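Working notes, beginning with the structure itself.
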Amino acid sequence: EIITDAMGAHFMASGEVRHYMTACDVVAMDGTAANKVGTLSNAIAAAYYNIPYTIFALSPDTTLQRGEEIILEERDGSELLSVRGVATTLPTLKGRYPSFDKIDASLITNIVTPRGIFAPSEVGEAYP
């Protein structure tokens, strides 16, 4: 079966998800992660339904001590206003297009790295 990222909470609520897992784009040393938009809402739903959330990371970014230092990209909102040159909204509307979510370490159960599996609070110790 295939579902989209926007369907995560639905299946979590129905009890069909036992563990939520994603890759991530960056992990700060405090265990905060950034990943594609949609990840935060699923992480919040997982926490609400007491479902463990594990992220997979190549390695934390040792230059980022705290999640507040992660800069999130926002794409050109005009990309949302048309498809193949055909307007899909009123011309008076503007689009917002955040590319990434920041996921607080409190929502993450484990972070899997090449050095092992860590609680978010242990990342800084594992990557001094």
* Would you list LYS36, LYS94 from the most to the least accessible area, probe 1.4 Å? -> LYS94, LYS36
* Asked: Of MET29, MET21, which has the most accessible area with a 1.4 Å probe, and how do the rest follow in descending order?
  -> MET21, MET29
* To do: Note down the nm distance, to one decimal, between modelled labels 7 Å out along Cα→Cβ at LYS36 and at ASP5.
  => 0.5 nm
* Here are several values of volume of the Cα convex hull per residue in Å³: (i) 142; (ii) 171; (iii) 123. Which one was derived from the coordinates shown? -> (i)
* Asked: Taking the Cα centre of the chain as the origin and placing charges on Cβ (Lys, Arg +1; Asp, Glu -1), which of ASN110, GLY31, LEU81 is farthest toward the positive end of the dipole?
  -> LEU81
* Roughly how many debye, to the nearest 20, is the charge dipole of the stretch 1-109 about its Cα centre, given +1 on each Lys and Arg Cβ, -1 on each Asp and Glu Cβ, and no other charges? -> 280 debye
* Roughly how big is the stretch 44-88's charge dipole about its Cα centre, with Cβ charges of +1 (Lys, Arg) and -1 (Asp, Glu), in debye to the nearest 20? -> 220 debye
* **Distance from the stretch 77-128 to the stretch 1-59 (C-alpha centre basis), Å** => 11 Å
* **Accessible heavy-atom area order of VAL37, VAL83, VAL112, highest first, probe of 1.4 Å** => VAL83, VAL37, VAL112
* To do: For the stretch 14-128, calculate the relative contact order in percent as a whole number, restricting contacts to Cα pairs under 8 Å that are 6 or more residues apart.
  => 34 percent
* Structure fact -> Taking the chain and counting helices only, DSSP H stretches of n ≥ 4 at -39,500 (n - 2.57) each over all residues, the nearest-500 ellipticity at 222 nm comes to -4000 deg cm²/dmol
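The values are calculated or read from the model by the stated rules, or taken from the named source; none is laboratory data. Everything numeric here is computed off the predicted structure, so don't read it as measured data. With ideal geometry, Cβ positions are generated from the backbone for all residues, glycine too; neighbour counts draw on all protein chains shown. Please note that ligands, DNA and RNA were not included when accessible areas were found on the heavy atoms of the full protein model with its side chains. Shrake-Rupley method; radii C 1.70, N 1.55, O 1.52, S 1.80 Å.
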